[in-house]
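These notes concern the structure reproduced below.
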Amino acid sequence: MTCQPDYDFLSLLHELAHLMRTKFDQRARAYDMTRAQWVILLKLERSPGMTQNELAQLIEVEPITVARLVDRLQARGFVERRHDPQDRRVWRLHLLPAAKPILEEIARARKEMVAQLIGTSVTPEALASIEATLGLMKANLTCDSRAACPPDAAP
């Protein structure tokens with residue numbers, strides 16, 4: 001049996017994502033930063049040494065946009081560019097110790113967002129089901145060959 005959700009489902013997802021972005025924007029502004037800068041710090045914490053091009057692909061923006069954001073983060077002492085030991089033309093991005101307090105704030109903001117989202121009425125089982133379902137939905141949209149798709153996803 002195939003589930004045919006109402007189009008309100010898409011509106012609800014869009015509105016939820018918009019509300020989350022707005023709240024993170026407000027939180028980042030309190031530190032004279034942007035949500036995009038927070039995303040870069042978070043990605044570099046998880047994958048240190050990425051290039052600007054790798055980061056741009058990951059966060060789906062143009063390389064020049066990442067370069068400008070990294071310039072601002074570097075000016076604040078949060079990030080540094082280091083030459084790649086195998087290719088001196090390539091710059092690798094690394095966090096500096098000054099980024100630690102901001103990363104702690106990002107972690108707090110994320111934890112508070114999850115707490116606010118689930119409130120007291122979303123059970124751990126429901127949350128696990130939501131995460132699994134959203135993961136499948138993401139896979140359905142990102143698969144590019146039938147072999148790479150979940151069994152019930154159409155390419």
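Report, to the nearest 10°, how far helix 63-75 tilts away from the longest principal axis of the Cα atoms in the chain, using its own Cα long axis and a range of 0 to 90°.
The two axes meet at around 60 degrees.
Taking the simple approach of a point 7 Å from Cα along Cα-to-Cβ for both A115 and L42, what is their distance in nm?
About 1.7 nm, to one decimal.
So what's the angle, to the nearest 10 degrees on a 0 to 90 scale, between helix 35-46 and the longest Cα principal axis of the chain?
Relative to the chain, helix 35-46 is tipped by roughly 80 degrees.
List the trypsin sites (Lys or Arg not before Pro) within the stretch 59-102 that DSSP assigns to loop and that have no more than 12 neighbouring Cβ atoms inside 10 Å.
R88, R89
Calculate one ³J(HN,Hα) per residue across the stretch 53-60 by plugging θ = phi - 60° into the Karplus curve 6.51 cos²θ - 1.76 cosθ + 1.60, and present them in order as whole Hz with x for glycine and proline.
Per-residue couplings from phi come out as 5, 4, 5, 4, 5, 5, 9, 6 Hz.
Looking at the calculated P(r) for the chain, what percent of the C-alpha pair distances fall above 29 Å?
Considering the chain, 34 percent of its Cα-Cα pairs are separated by more than 29 Å.
Calculate the dipole size of the stretch 44-86 relative to its Cα centre from +1 charges on Lys and Arg beta carbons and -1 charges on Asp and Glu beta carbons; express the result in debye to the nearest 20.
Values: 6 positive and 7 negative charges, 40 e Å.
Dipole magnitude for the stretch 44-86 comes out near 200 debye.
Take L127, L117, L93, L103 and sort them by solvent-accessible surface of the protein heavy atoms, 1.4 Å probe, largest at the top.
L117, L127, L103, L93
Taking the 0 to 90 degree range and rounding to the nearest ten, how far is the long axis of helix 100-118 tilted relative to the main principal axis of the chain, both from C-alpha atoms?
Between the helix axis and the principal axis of the chain, the angle is about 10 degrees.
Got a number for carbon plus sulfur as a percent of the chain's accessible area, 1.4 Å probe?
57
With a ≥ b ≥ c the root eigenvalues of the C-alpha gyration tensor of the stretch 1-88, is it rounded (a/c under 1.5), prolate (a/b larger than b/c) or oblate?
Here the stretch 1-88 falls in the oblate category.
5 Å is the cut-off here: which amide hydrogens, built 1.01 Å from N in the peptide plane, fall below it relative to M50, excluding neighbours closer than 5 in sequence?
Here the answer is L93, since their amide H atoms fall under 5 Å of that of M50.
When all protein chains stay in place, what accessible area (Å², nearest 10, 1.4 Å probe) is found for M137?
Using a 1.4 Å probe on the heavy atoms, I get roughly 70 Å².
The values are calculated or read from the model by the stated rules, or taken from the named source; none is laboratory data. Not measured: the values here are computed from a predicted model. When we count neighbours, we look across all protein chains shown, and the Cβ atoms used for this are built from the backbone with ideal geometry, even at glycine. Side chains included, ligands, DNA and RNA excluded: accessible areas come from the protein's heavy atoms. Shrake-Rupley method; radii C 1.70, N 1.55, O 1.52, S 1.80 Å.
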